[in-house]
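Report on one structure; see the data block that follows.
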Amino acid sequence: MHRPLSGHRHCSLLAAAVLTLAACGSRNAPAPPARAPNAPEGALDILAWPGYVERGASDSKYDWVSPFEQDTGCKITVRTAGTSDEMVSLMAQGGYDLVTASGDASLRLVRGGTVQPVDLARIPSFRTLDERLKEAPWHFIDGKHYGVPYQWGPNVLLYNTKVFRKAPTSWSVLFEDGKLADGKPARGRIQAYDGPIYIADAALYLMTHNPALGIKDPYELNEQQYAATLALLRQQHPLVQHYWHDATAQVQDFTHGDAVVSGSWPFQVNALRAKGRPVASTIPLEGATGWADTTMMYARARHPNCAYQWLEWSLSPKVQGDVAARFGSLPTVPAACTHNALLGPEGCRTNGVNLFDKLHFWRTPEANCRTQTSCVPYRRWSTDYAAVMGGR
């Protein structure tokens with residue numbers, strides 16, 4: 001006589017049968033293809049300065065993103081930032097694979113463990129870089145390469161040519177009260193940069209105008225030198241119409257506002273000229289600070305393979321030349337200075353390629369410094385400059 005199975009045993013046998021069938025099916029069905037170790041993930045998130053990662057949205061001539069996406073399958077999402085402090089903060093929060101960090105951010109990103117060393121074996125075009133940049137101190141740290149140099153350039157003095165018939169010869173037009181070249185007061189017509197690294201611009205001015213302070217490096221200031229620099233910036237404060245950090249906003253200020261002279265980037269100069277505005281730029285007799293930007297990879301990048309694809313792509317002469325033409329900067333790959341339709345045969349000379357050895361490139365100030373026993377670190381630059389902008 002057939003005895004019915006108990007409910008528990010019946011379920012167990014059914015489950016075993018299902019598992020057996022599944023096992024047989026899995027042996028016969030093809031396994032899903034394994035992902036290659038370096039296969040692109042299909043996406044890439046970049047935090048960048050304005051004008052650095054372009055897909056032709058504002059001008060179809062400037063598009064080095066679309067060809068990259070078509071070639072690699074990595075869809076780029078880009079967010080722009082106006083200051084290095086903003087970049088450091090956003091990178092610490094996560095969500096970005098790459099950042100185009102200037103020298104006043106790169107060391108903080110490294111020391112904070114926010115970015116990782118890169119594998120140069122995966123970036124063969126690294127060998128084509130300007131030799132002066134391959135081991136620059138703002139990205140080559142403790143024998144490791146934390147990123148790939150992207151572009152460099154000077155911080156220029158932007159001025160209205162209707163106010164200044166001749167180029168100003170000194171940064172004093174920003175730091176000293178009085179009248180400008182048109183005989184009208186400076187107050188309310190100048191701008192200053194909204195970033196603690198601007199303290200270095202004031203220190204550079206004092207290197208020439210107060211040599212008794214003994215400043216040898218504008219990023220390495222002892223207490224006395226630092227106090228004198230802050231005093232100069234407080235003296236400047238009543239003159240300032242606006243502390244800028246948004247490049248596009250500065251373009252608007254020089255187009256429709258009262259601003260007639262300011263420290264600036266070549267990007268704004270080019271944008272204003274394209275609008276037909278009467279502006280020009282110069283490097284005054286005291287010299288200038290500058291920036292050398294490095295594309296750095298987040299320590300926990302979600303799309304490292306696409307990131308490496310971009311690092312290699314970013315060093316192609318075509319991309320390097322196109323970025324330089326758009327931003328008014330200098331390529332980190334010397335070959336980009338020739339045979340680029342957008343940059344033109346004189347583009348690198350016009351943008352200041354011969355200024356490299358004369359610029360004081362942005363660098364994160366640290367307490368341990370080369371030129372003297374100890375220096376004021378960046379954390380004090382940050383809090384004190386905020387006070388200066390607030391009139392304190």
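The values are calculated or read from the model by the stated rules, or taken from the named source; none is laboratory data. Since the model is a prediction, treat every value here as computed from it, not as a measurement. Note: ideal-geometry Cβ built from the backbone for every residue, glycine included; neighbour counts use all protein chains shown. Only protein heavy atoms, including side chains, enter the accessible area calculation; ligands, DNA and RNA are left aside. Shrake-Rupley method; radii C 1.70, N 1.55, O 1.52, S 1.80 Å.
So which residues in region 305-318 are touching a helix residue (DSSP H, G or I) at 6+ places or on another chain (Cβ under 6 Å) and either open to solvent by 10 Å² or more (accessible area, probe 1.4 Å) or assigned to a helix (DSSP H, G or I) (or both), if there are any at all? Scanning region 305-318 gives TYR308, GLN309, GLU312, TRP313, PRO317.
Looking only at region 185-233, which residues are among the small types (Gly, Ala, Ser), modelled with pLDDT of 95 or more and farther than 16 Å from VAL173 by Cα? Answer for region 185-233, where residues must be among the small types (Gly, Ala, Ser), modelled with pLDDT of 95 or more and farther than 16 Å from VAL173 by Cα: ALA200, ALA212, GLY214, ALA227, ALA228, ALA231.
Output the residue which, of all residues in region 105-119 that are more than 17 Å from the chain's Cα centre (by Cα) and part of a loop (DSSP other than H, G, I, E, B), is surrounded by the fewest Cβ atoms within 10 Å (Cβ to Cβ).
Checked region 105-119; the qualifying residue surrounded by the fewest Cβ atoms within 10 Å (Cβ to Cβ) is GLY113.
For (1) touching a Ser or Thr at 6+ places or on another chain (Cβ under 6 Å); (2) at pLDDT 95 or above; (3) assigned to a helix (DSSP H, G or I); (4) of a type in the set (Asp, Glu), each residue gets a yes or a no:
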{"residue": "HIS339", "(1), (2), (3), (4)": "no, no, no, no"}
{"residue": "ARG349", "(1), (2), (3), (4)": "no, no, yes, no"}
{"residue": "ASN354", "(1), (2), (3), (4)": "no, no, yes, no"}
{"residue": "HIS360", "(1), (2), (3), (4)": "yes, yes, no, no"}
{"residue": "THR364", "(1), (2), (3), (4)": "no, no, no, no"}
{"residue": "ARG370", "(1), (2), (3), (4)": "no, no, no, no"}
{"residue": "THR373", "(1), (2), (3), (4)": "no, no, no, no"}
{"residue": "VAL376", "(1), (2), (3), (4)": "no, yes, no, no"}
{"residue": "THR383", "(1), (2), (3), (4)": "no, yes, yes, no"}
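Selection of region 148-185 for residues being farther than 25 Å from LEU355 by Cβ and not in a loop (DSSP other than H, G, I, E, B) yields LYS179, PRO185.
Kindly establish whether GLU312 is among the acidic types (Asp, Glu) and either under 15 Å from the mean Cα position of the chain (by Cα) or farther than 20 Å from LYS134 by Cα (or both).
no
The residue list GLY51, GLY73, GLY56 contains one member that is modelled with pLDDT of 95 or more, within 23 Å of GLY328 (Cα to Cα) and either surrounded by fewer than 18 Cβ atoms within 10 Å (Cβ to Cβ) or under 12 Å from the mean Cα position of the chain (by Cα) (or both), which is GLY56.
Among the criteria (1) at negative phi; (2) in contact with an Asp or Glu (Cβ under 9 Å, 6 or more places away or on another chain); (3) in a loop (DSSP other than H, G, I, E, B), the one GLY188 does not fulfil is (1).
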